[in-house]
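Remarks on the structure that follows.
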Amino acid sequence: MSNSTSTLDHPTTVLITGANKGLGYETARRLGALGWRVFLGARDETRGQTAADALSADGADVIFVPLDVVSDESVTAALETVAERTDRLDVLINNAGITGEQVGPMDELITPEQTLPKHLLPVLDVNVLGPLRVTRASLPLLRAADDPRVVMVSSGAGSLTHMTDSSRPEAQRAHLMYPTSKTALNMLTVQYANGIPDVRFNLADPGFTETDLNHQQGTQTVTEGTDAIVELATTSPGPTRQFRDRHGVVPW
C-alpha cells in the first residue's frame, strides 16, 4: 500500500461525494492528513463549506465542491470546478447514499408489502444512478491520472451471500430499498471494471458503523468504518473488481 503518493508539483487528488459528515467526512479527514488534495462534495452548501473549513483549519488541503448526485447539471458543474483546480483526478469515492423512507425509528422500516415504486426510485437515484452520473463525468480527469481508481461505498446488505444466510444480522430484516440499491451498485461496479480496464473499480463495505444513516446505532466507530474505503483509495498499484470490508474480502 502507498499511503501518500503526493509529489511536490502534484498532490494526489480525490473527489468524495456526500462528504460533509459521517463516512465521507472521516475519509476526507484521513486522506487530507496524508497530504492529498481533497475535493469535498456535498449537496448542502452551508454544511459542505463548514466541513471543508474545519478540515482546512487542521492543515488539510480541502476544497468544497457543491455536488448533488441526483442532478446532471450539478454533477457537470462540480467536475468543472474540480477541473479548474487540477488537470487529473487520481481517486473518485462515490460515498453519498440514503436508506429510504421509514415509518418510524430504525426498527420500523417500510416493509416489502408497503413498498411502492415511489419509495424505491429515490433510493436508486441516489445510490445507483448517482455514482453513475459522477463516474461518467469524472472519467476524463481520471484517465489523465497515472493510476486512476474509483471506490464505490457499498454495504454488506448488498451481498446476496449475506442476505441468504439466516445467521447474518443483515438477513434478519426485509427491506426492499437500501439492500436492493447496494446489490445493484455492486453489479454496476463490476461492469465498469469489466468495460473500463484503464480505471480500477472497487467496492468498500464500511460495516455497521455509527453514523446518521443508522441513527448512531452502529457498533463500529466512523474511523473503523472508513478503513476499507481508505485502503482501496490508497493502494497503488492495486486490484480491481474487489468487494472488501476492513477484515478482507466480502462475498458477492
Quick check: pseudo-label points 7 Å beyond the Cα along Cα→Cβ at GLN172 and VAL190, how many nm apart are they?
2.8 nm
Solvent exposure of the chain as accessible area per residue, Å², 1.4 Å probe:
46 Å²
Please give the peptides 49-55, 201-207, 81-87 ranked by average Cβ packing (other Cβ atoms within 10 Å per residue), highest first, as a rough proxy for protection.
201-207, 49-55, 81-87
Between ASP58 and ASP125, what length comes free when the chain is fully extended (0.36 nm per residue of separation minus the Cα-Cα distance, one decimal in nm)?
20.7 nm
Take peptides 170-183, 239-252 and line them up by average Cβ neighbours within 10 Å, highest first, as a rough protection proxy.
170-183, 239-252
Return the FRET efficiency for the residue pair ASP87, THR223: r is the Cβ-Cβ distance, R0 is 30 Å, and the value is rounded to the nearest 0.05.
0.40
Work out how much length THR76 to ASP198 would gain on full extension: take 0.36 nm times their residue separation and subtract the Cα-Cα distance, in nm to one decimal.
41.7 nm
Stokes-Einstein, Kirkwood over Cα pairs, the chain, 37 °C, 0.692 mPa s; D in µm²/s equals 181 µm²/s
With a Förster radius of 25 Å, plug the Cβ-Cβ distance of ARG136 and THR50 into 1/(1 + (r/R0)^6) and report the FRET value to the nearest 0.05.
0.30
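The values are calculated or read from the model by the stated rules, or taken from the named source; none is laboratory data. Since this is a predicted model, take the numbers as computed values, not measurements. In this analysis, Cβ positions are derived from the backbone assuming ideal geometry, glycine residues included, and neighbour counts consider all displayed protein chains. Accessible surface areas use protein heavy atoms only, side chains included; no ligands, DNA or RNA. Shrake-Rupley method; radii C 1.70, N 1.55, O 1.52, S 1.80 Å.
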